[in-house]
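First up is the structure itself, then whatever we jot down about it.
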Amino acid sequence: MPTTESQALSPTLELAIDLLARPSVTPDDEGCQALMIERLAALGFHIERLPFGEVDNFWAVRGHHGPVLAFAGHTDVVPSGPHTNWETPPFAPCIDADGMLRGRGAADMKGSLAAMVTAVERFVAAHPDHHGKLAFLITSDEEGPAVDGTRAVVEHLRERHERLDYCIVGEPSSSERLGDVIKNGRRGSLGGVLHVKGRQGHVAYPQLATNPIHAAIPALDALVREHWDDGNTFFPATSFQVSNLRAGTGATNVIPGELEAVFNFRYSTEVTHEQLRARTEAILDAHGLDYRLDWTLNGEPFLTAEGELVKATIGGVEAITGQRPALSTSGGTSDGRFIATLGSQVVELGPLNATIHQVNERVRAADLDTLSDIYEAILVRLFTSGEAS
Ligand SMILES: [Zn+2]
């Protein structure tokens, strides 16, 4: 089996290993973007570094006319936790005896970044005068607060009326085998913190107190039982989950004065966050609670149902793997939610997500070469129509 030392590596794996060796724990980039920029500049990309706050980002473009396709991704990774929990050191990438490339970020998502760069290198070599404009939108703040990263770059592009037709995000979308799932949207995420006020007192004198736990339980039960929507072809039904519930002083003989419940909606395109807020408040009001509610909109849902990008992506996966991918909107939020606001068609396609954010993160090394071939096949479909390729 291949190892990093004894056998020649593909350009994709070489670049992936160079990126993985840099401990770019969010929001640090640790020179990953410089590596990518060097390769893209050599291909004739016009590079714009767009740092915001402590976050490094860049936007790179090649070509002068026609539709714009951007590859999007992040160079930051989640922390590794104690290195002693890992079978191999998280920032000393290697390919093991089973052909797995190991290291923090192998799947999420430095492997994809390497595959994008090498796909574009081959595509540009074969089609130096390609139609359309190729772009990269790269950030080092996807795993952190995600404020000064893609969101800020997107606002910058919006201000100067930059066109973005297609976007391929390299998030690890695959489930059982490479390319079996393409994400063509994501659910929205709406968070809430509910504070229910009561009146503290002695459990032996309940007539002198108001128990916020007793008041909140029927209301929370109603929220849990509420049928928010049926979902649709692309989205499962909207779900409401309570993630934290706190009340009580610790003493067994005290009725507490307040209860706090933290909850989250993952919602489909069948409802809006405004509707979810209004319906939640109506249910709480109907139960007569004395409450305060703080909302956080983490991300609105987006969907790329049909169109050239979905068609080209399915076609590219099918041509390279021989298998037809499924479309899915499952999983958490991604930077696709910001990019979609530019009116861009957005898909997410990357390696298997089985080990992301875990210790011993790894991805089949050969899958990264295949992924690079798929990205190239998508480019050929979108940007060489009518050209003999
Ligand atoms: Zn990621």
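The values are calculated or read from the model by the stated rules, or taken from the named source; none is laboratory data. All of these numbers come straight from a predicted model, not from anything done at the bench. Cβ: placed from backbone, ideal geometry, glycine included. Neighbour counts: every protein chain shown.
Scanning the range 31-44 for residues that are surrounded by fewer than 23 Cβ atoms within 10 Å (Cβ to Cβ) and in contact (Cβ under 8 Å) with a residue 40 or more places away in the chain yields a count of 3.
When residues in the range 193-209 are screened for being buried (at least 16 other Cβ atoms within 10 Å of the Cβ) and either without any contact (Cβ under 8 Å) to a residue 24 or more places away in the chain or in contact with a Ser or Thr (Cβ under 7 Å, 6 or more places away or on another chain) (or both), 1 of them pass. Each residue in the range 227-271 was checked for being of a type in the set (V, I, T) and over 20 Å from N184 (Cβ atoms), and 6 pass. Scanning the range 72-86 for residues that are part of a strand (DSSP E or B) and among the aliphatic types (A, V, I, L, M) gives A72, V77. Among residues of the range 349-368 that are on the phi < 0 side of the Ramachandran plot, those with a beta-carbon under 7 Å from a residue that is among the acidic types (D, E) and part of a loop (DSSP other than H, G, I, E, B) at least six positions away or on a different chain give the pairs G350/E171; T355/E361.
You will find that of S174, S189, S112, S140, the residue that is within 16 Å of the ligand (Cβ to nearest atom) and within 28 Å of L259 (Cβ to Cβ) is S189 and no other.
Residues of the range 245-276 being assigned to a strand (DSSP E or B) and of a type in the set (A, V, I, L, M), which ones?
Quick first cut of the range 245-276, residues assigned to a strand (DSSP E or B) only: 245-247, 254-255, 258-267.
Answer for the range 245-276, where residues must be assigned to a strand (DSSP E or B) and of a type in the set (A, V, I, L, M): L245, A247, V254, I255, L259, A261, V262.
Within the option set A135, A152, A126, being farther than 20 Å from L342 by Cβ and among the small types (G, A, S) holds for one residue only, A126. For the range 96-122, the set of residues classified as surrounded by fewer than 23 Cβ atoms within 10 Å (Cβ to Cβ) and not small (G, A, S) consists of D96, D98, M100, E121, R122, listed by residue number.
Are any of the residues in the range 381-389 free of Cβ contacts under 8 Å to residues at least 60 places away in the same chain and either assigned to a loop (DSSP other than H, G, I, E, B) or within 16 Å of the ligand (Cβ to nearest atom) (or both)?
Residues of the range 381-389 free of Cβ contacts under 8 Å to residues at least 60 places away in the same chain: 386, 388.
Checking the rest, the ones that are also either assigned to a loop (DSSP other than H, G, I, E, B) or within 16 Å of the ligand (Cβ to nearest atom) (or both) come to 386, 388.
Yes, the conditions are met somewhere in the range 381-389.
Here G350 qualifies as under 16 Å from the mean Cα position of the chain (by Cα), within 21 Å of V120 (Cβ to Cβ) and either part of a loop (DSSP other than H, G, I, E, B) or among the polar types (S, T, N, Q) (or both).
From R279, R324, grab the single residue that is at pLDDT 95 or above and either in contact with a Cys (Cβ under 8 Å, 6 or more places away or on another chain) or assigned to a helix (DSSP H, G or I) (or both).
Values: R324 fails: either in contact with a Cys (Cβ under 8 Å, 6 or more places away or on another chain) or assigned to a helix (DSSP H, G or I) (or both).
One residue alone meets the criteria, R279.
Here E376 clears all of (1) closer than 19 Å to E171 by Cα; (2) surrounded by fewer than 20 Cβ atoms within 10 Å (Cβ to Cβ) except the condition numbered (2). Can you run down the residue pairs with Cβ atoms below 7 Å, 6 or more apart or on separate chains, where the first is in the range 68-79 and free of Cβ contacts under 8 Å to residues at least 40 places away in the same chain and farther than 10 Å from D28 by Cα and the partner is among the basic types (K, R) and more than 11 Å from the ligand (Cβ to nearest atom)? Between residues of the range 68-79 that are free of Cβ contacts under 8 Å to residues at least 40 places away in the same chain and farther than 10 Å from D28 by Cα and residues that are among the basic types (K, R) and more than 11 Å from the ligand (Cβ to nearest atom), there is no close pair. Pairing each residue of the range 124-143 that is in contact (Cβ under 8 Å) with a residue 24 or more places away in the chain and at negative phi with any residue that is within 12 Å of the ligand (Cβ to nearest atom) and among the hydrophobic types (A, V, I, L, M, F, W, C), provided the two are 6+ apart or on different chains, yields C-beta distances under 8 Å for F136/A72; L137/A72; I138/A72; I138/L113; E143/V77; E143/V78. Of all residues in the range 239-280, those being without any contact (Cβ under 8 Å) to a residue 40 or more places away in the chain and farther than 22 Å from H195 by Cβ number 3.
If only residues of the range 327-347 that are more than 16 Å from L69 (Cβ to Cβ) and in a strand (DSSP E or B) are counted, the one that is farthest from the chain's Cα centre (by Cα) is L327.
Take the residues in the range 151-171 that are acidic (D, E) and at pLDDT 95 or above, then tell me which one is nearest to the ligand (Cβ to nearest atom). Write out each step before concluding.
Restricting attention to the range 151-171, the residues satisfying the condition of being acidic (D, E) are 155, 159, 162, 165, 171.
After this cut, where a residue has to be at pLDDT 95 or above as well, the list is 155, 159, 165, 171.
Details: E155: 21, E159: 26, D165: 23, E171: 5 Å.
So the residue we want is E171.
P89 - would you say it is touching a Phe, Trp or Tyr at 6+ places or on another chain (Cβ under 7 Å), assigned to a loop (DSSP other than H, G, I, E, B), surrounded by fewer than 24 Cβ atoms within 10 Å (Cβ to Cβ) and not hydroxyl-bearing (S, T, Y)? Spell out how you get there, then give the answer.
Values: touching a Phe, Trp or Tyr at 6+ places or on another chain (Cβ under 7 Å): no; assigned to a loop (DSSP other than H, G, I, E, B): yes; surrounded by fewer than 24 Cβ atoms within 10 Å (Cβ to Cβ): yes; not hydroxyl-bearing (S, T, Y): yes.
Answer is no for this residue.
Before we move on, is A97 in contact (Cβ under 8 Å) with a residue 40 or more places away in the chain and within 16 Å of the ligand (Cβ to nearest atom)?
Criteria not met by A97.
Residues that are farther than 30 Å from L342 by Cβ and either in a strand (DSSP E or B) or within 16 Å of the ligand (Cβ to nearest atom) (or both) within the range 192-223 comprise V193, L194, H195, V196, K197, R199, G201, H202, T210, listed in sequence order.
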